[in-house]
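Structure first, then comments.
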Amino acid sequence: LRVCHVGRLERSRGPDILLEAAAPLLREGRMVLDIIGDGPLLPGLRALARREGFGRAVRFHGWLSQDDLRDVALQSAVLACPTLAGGGGAVVLEAMALGLAPVVVDHAGPGELVTEGVGYKVPPGDRAAIVAGLRRVLAGLAADPGGVAATGGSARARVRTHFTWAAKARQVGYVYDWLRGLRASPPVFY
């Protein structure tokens, strides 16, 4: 299973939680993790990976240009985004557009973007609960790579249906038509 994490390496984004959750799979050689980004946790994450003996199973790329980021991400099947920070989840949408299956904590924007069949959600909770939930999801994905690919395809289709500029323009047009009384039912986009 090839997984990537993209974002600033700070506590609220959860890269340390992801490493803890993925540890058994990384040690067993059942998962490769690409960590893309920079931030205050980078030195500690590198030290943890060395201490745990993850070897080549964890790759730290640091900050990458948009093109290089896409090239690394496209080698993965999964984007792991265990963030507890608010926000809209742009990184989740971008990964879905590339056909990656997202794994998110069911919180804020990422939790709203990932629906049944287009990704995997871990319930929010304390650190131990999130680690256990991520570990369970990642182990299931490692056991079913075909399902991961299908979910990634569904994620990409969801982005094309709901989140392109053309789709957004259609949605805005629908809202205006409904407000003007030209459509009987209110808009439902998700």
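The values are calculated or read from the model by the stated rules, or taken from the named source; none is laboratory data. Every value quoted in this text rests on a predicted model; they were computed, and no experiment measured them. All Cβ positions, glycine included, derive from the backbone under ideal geometry; neighbour counts span all protein chains shown. Note: accessible area is taken over every heavy atom of the protein model, side chains too, but ligands, DNA and RNA are not part of it. Shrake-Rupley method; radii C 1.70, N 1.55, O 1.52, S 1.80 Å.
Test A57 against the stated conditions and say whether it is at pLDDT below 95, open to solvent by less than 50 Å² (accessible area, probe 1.4 Å), more than 13 Å from the chain's Cα centre (by Cα) and not charged (D, E, K, R).
no
Could you please tell me which pairs satisfy a Cβ distance under 7 Å, a separation of 6+ or placement on different chains, a first residue in segment 132-159 that is closer than 30 Å to R170 by Cβ and in contact (Cβ under 8 Å) with a residue 12 or more places away in the chain, and a second residue that is part of a helix (DSSP H, G or I) and small (G, A, S)?
R156/A97; V159/A97
Determine, yes or no, whether I35 is open to solvent by 10 Å² or more (accessible area, probe 1.4 Å), modelled with pLDDT of 95 or more and β-branched (V, I, T).
No.
Might you check whether a residue that is farther than 24 Å from A142 by Cβ, open to solvent by less than 50 Å² (accessible area, probe 1.4 Å) and free of Cβ contacts under 8 Å to residues at least 24 places away in the same chain occurs anywhere in segment 38-51? Break it down into steps so the answer makes sense when it comes.
Just the residues of segment 38-51 that are farther than 24 Å from A142 by Cβ, to begin with: 38-44, 47.
From what is left, the residues that are open to solvent by less than 50 Å² (accessible area, probe 1.4 Å) are 39, 41-42, 44, 47.
Now narrow it down to the ones that are free of Cβ contacts under 8 Å to residues at least 24 places away in the same chain: 47.
Yes, the conditions are met somewhere in segment 38-51.
Do any helices (runs of 4 or more DSSP H) entirely within segment 81-190 hold 3 or more residues that are at pLDDT 95 or above and loosely packed, with under 14 Cβ neighbours inside 10 Å, and if so, which?
127-143
Starting from segment 1-30, take each residue that is within 14 Å of G44 (Cα to Cα) and list its partners that are among the polar types (S, T, N, Q), counting only C-beta distances under 7 angstrom and pairs at least six apart or across chains.
G14/T83
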